[in-house]
Amino acid sequence: MQFAHFTHLDSTNAEAQRRAQAGMLGPIWISTDIQTKGRGRRGKDWVSQTGNLFCTGLYTFDGALADAAKLSFAAALALAETLGNYIDPALISIKWPNDVLIGGEKAAGILLESGTYEGKIWIAVGMGVNLISSPQADDYNTTHLLAHIAKDKLQGPNSVFSGTQPMITLLAERFEHWRDLYVNAGFMPLRKAWLARAQGLGRPVTARLPNKTIMGLALGMDEDGALKLKKDSGEIVKIHAGDVFFS
């Protein structure tokens, strides 16, 4: 596995896209100390406060783009496992589709982007992780990793947290694990592991879609990665894309 670290970048996903369009398809993990134009899902900005983690894994994918999109679940599982090396894993959950939470508050986001180069599909798996600070958001509560690490574990030569580079190495390793499992065994192992960490199942949920808002009960995730929601009328609907909020 290759790693490329920068002091400044507009966006690690943008750097991955530039490399892919030049035929440098990875696999490689790109990180930066300062990110000036971070991007989130659905065209939103990602507030990139210095000291937090900004990284992107660039890979090729043999298959359909719809199948490649499920790697976002592999990324969420990899990130949840990585954070579990620093804090109590019981604090960590995943909100559909791939927001990683600590204590029920958002600590990380994942943005998957894709394209083709000479017929090959490339996937950029971007991650932003709140390590030492958590920017405020209007729609949800946020937190950061260091808020959940005991102070006595942050001091001395054997500090539980020693910076972003060791974390990226571990994150890349765990993503490789889930990616390989998906490629060789399909989506079901990822779905099972995701459901075991899922936040909000069995609870009321509001799904904001581009043209409407749907409210109901979160039932789970189907075999295609869609969120299953039961409306008050009893109708079961599947959410393939949108923002979801649990009460």
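Here are some notes:
- Of the listed requirements (1) outside any loop (DSSP other than H, G, I, E, B); (2) of a type outside the set (S, T, N, Q); (3) assigned by TED's automatic domain parsing to the domain that holds residue 70, residue 161 misses just one: (1).
- Some residue of region 113-126 being surrounded by 20 or more Cβ atoms within 10 Å (Cβ to Cβ), of a type outside the set (D, E, K, R), under 17 Å from the mean Cα position of the chain (by Cα) and modelled with pLDDT under 95: no
- Pairs, first closer than 26 Å to residue 75 by Cα in region 197-215, second of a type in the set (Asp, Glu) and surrounded by 15 or more Cβ atoms within 10 Å (Cβ to Cβ), C-beta under 6 Å, six or more apart: 208/243
- Whichever residue in region 71-86 is in contact with a strand residue (DSSP E or B) (Cβ under 7 Å, 6 or more places away or on another chain) and crowded, with 21+ Cβ neighbours inside 10 Å and, among such residues, is nearest to residue 56 (Cα to Cα): 75
- Test: residue in region 114-133 that is assigned to a loop (DSSP other than H, G, I, E, B), on the phi < 0 side of the Ramachandran plot and hydroxyl-bearing (Ser, Thr, Tyr): yes
- The lone exception for residue 173 - which of (1) more than 25 Å from residue 247 (Cα to Cα); (2) touching a strand residue (DSSP E or B) at 6+ places or on another chain (Cβ under 9 Å) it fails: (2)
- Pairing each residue of region 118-141 that is over 23 Å from residue 24 (Cα atoms) with any residue that is in a loop (DSSP other than H, G, I, E, B) and of a type in the set (Phe, Trp, Tyr), provided the two are 6+ apart or on different chains, yields C-beta distances under 9 Å for 131/161; 135/46.
Okay, residues lined up against (1) in contact with a Phe, Trp or Tyr (Cβ under 8 Å, 6 or more places away or on another chain); (2) closer than 26 Å to residue 3 by Cβ; (3) not polar (S, T, N, Q):
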{"position": "97", "(1), (2), (3)": "yes, no, yes"}
{"position": "114", "(1), (2), (3)": "yes, yes, no"}
{"position": "134", "(1), (2), (3)": "no, yes, no"}
{"position": "146", "(1), (2), (3)": "yes, yes, yes"}
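- The condition (being at positive phi, in a loop (DSSP other than H, G, I, E, B) and surrounded by 13 or more Cβ atoms within 10 Å (Cβ to Cβ)) is satisfied by just one residue among 200, 234: 200.
- Residues that are part of a helix (DSSP H, G or I) and touching a residue at least 12 places away in the same chain (Cβ under 8 Å) within region 76-95 comprise 76, 77, 78, 79, 80, 81, 82, 83, 91, listed in sequence order.
- Within the option set 77, 101, being more than 17 Å from residue 169 (Cα to Cα) and under 11 Å from the mean Cα position of the chain (by Cα) holds for one residue only, 101.
- When residues of region 96-109 are limited to those that are part of a strand (DSSP E or B) and free of Cβ contacts under 8 Å to residues at least 60 places away in the same chain, the one nearest to residue 69 (Cα to Cα): 99
- Residue 151 meets each of the listed conditions (1) surrounded by fewer than 13 Cβ atoms within 10 Å (Cβ to Cβ); (2) touching a residue at least 12 places away in the same chain (Cβ under 8 Å); (3) among the basic types (Lys, Arg) apart from (2).
The values are calculated or read from the model by the stated rules, or taken from the named source; none is laboratory data. Predicted model only: the values in this text are computed from it and were never measured. Virtual Cβ from ideal backbone geometry, glycine too; neighbours counted across all protein chains shown.
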